[in-house]
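First the structure, in the form of structure tokens, and then the observations on it.
We did not get these values from a lab; they are worked out from the coordinates using the rules stated. From a predicted model like this one, the values you see are computed outputs, not experimental measurements. Here the Cβ is made from the backbone with ideal geometry for all residues, glycine too, and neighbour counts use every protein chain on show.
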């Protein structure tokens, strides 16, 4: 009887661990990419804001649009309903923001 109880207990523990094993998609790469993109974006924003009168209007408009999109995507990262495909797409977009920021800093001579 003792062996049967031990076997059943072991089986229940294994099943409970297996049920907890799938923690969902990995958000950390998207969070890291968001933080890097936000940092790069903020550097560009600081340069533009320091001399906003000499910046082209389309650059200021792009900055405002990206600000809104970064805020939206940052809010979405807090959602537990995101699939791995959603997170991968967001990570790629954050990479594009970083590329834009690097190109813009070069154009601005900063």
- Query: If you rank 90, 105 by fewest surrounding Cβ atoms within 10 Å, what's the result?
  - Reply: 105, 90
- Note on the structure: Taking a ≥ b ≥ c as the square roots of the Cα gyration tensor eigenvalues, with a/c under 1.5 meaning rounded and otherwise prolate when a/b beats b/c or oblate if not, region 26-108 comes out prolate
- Item | residue 46-residue 96 pseudo-label distance in nm [points 7 Å out on the Cα-to-Cβ vector] | 2.7
- Query: Taking 0.36 nm per intervening residue step and subtracting the Cα-Cα distance, what contour gain separates residue 75 from residue 88 on full extension?
  - Reply: 3.1 nm
- Query: In nanometres, what is the gap between the two model label sites at residue 58 and residue 103, each 7 Å from Cα along Cα-to-Cβ?
  - Reply: 1.2
